[in-house]
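Reading through the structure tokens given below for one structure.
All of the numbers you see were taken from the coordinates with simple rules; none came from a lab. All of these numbers come straight from a predicted model, not from anything done at the bench. Using ideal geometry, Cβ is built from the backbone for each residue, glycine included, and neighbour counts are taken over all protein chains shown.
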Amino acid sequence: MKKIPLRQVRIISWTLYALAILLILLGWLLRLFWLIAAALVVIVAAIVFLAIFNRCPRCGRFLGHAGGAAFCPHCGERLDG
Ligand SMILES: [Zn+2]
């Protein structure tokens, strides 16, 4: 599978989370509940995206959903971004 740099993985995942929050707010304000359902789909997509791509470049282990760590918690590899 093609590797995506961790910095871009974080930008994409935060963009997806921001989009989901926006959809929930819009759906709530406009009483359009399918927007909230769409937001839940976006959140699931963001979680799946992170599970696939938010991995240490050296040991390949999952880095968690929070992101922003400077070092891999498993092998101590320095992470960019
Ligand atoms: Zn590692």
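Quick rundown of the values:
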| read-out | value |
| --- | --- |
| Only one of 35, 40, 23 that is surrounded by fewer than 17 Cβ atoms within 10 Å (Cβ to Cβ) and not acidic (Asp, Glu) | 40 |
| Residue match in the stretch 34-46 (condition: touching a residue at least 40 places away in the same chain (Cβ under 8 Å) and within 26 Å of residue 80 (Cα to Cα)) | no |
| Residues of the stretch 1-21 that turn out to be touching a residue at least 12 places away in the same chain (Cβ under 8 Å) and farther than 20 Å from residue 63 by Cα, as a count | 3 |
| Exclusive hit being part of a helix (DSSP H, G or I) and surrounded by 12 or more Cβ atoms within 10 Å (Cβ to Cβ), set 69, 45 | 45 |
| Filter pass, residue 71 being within 14 Å of the ligand (Cβ to nearest atom) and in contact with a Leu (Cβ under 8 Å, 6 or more places away or on another chain) | yes |
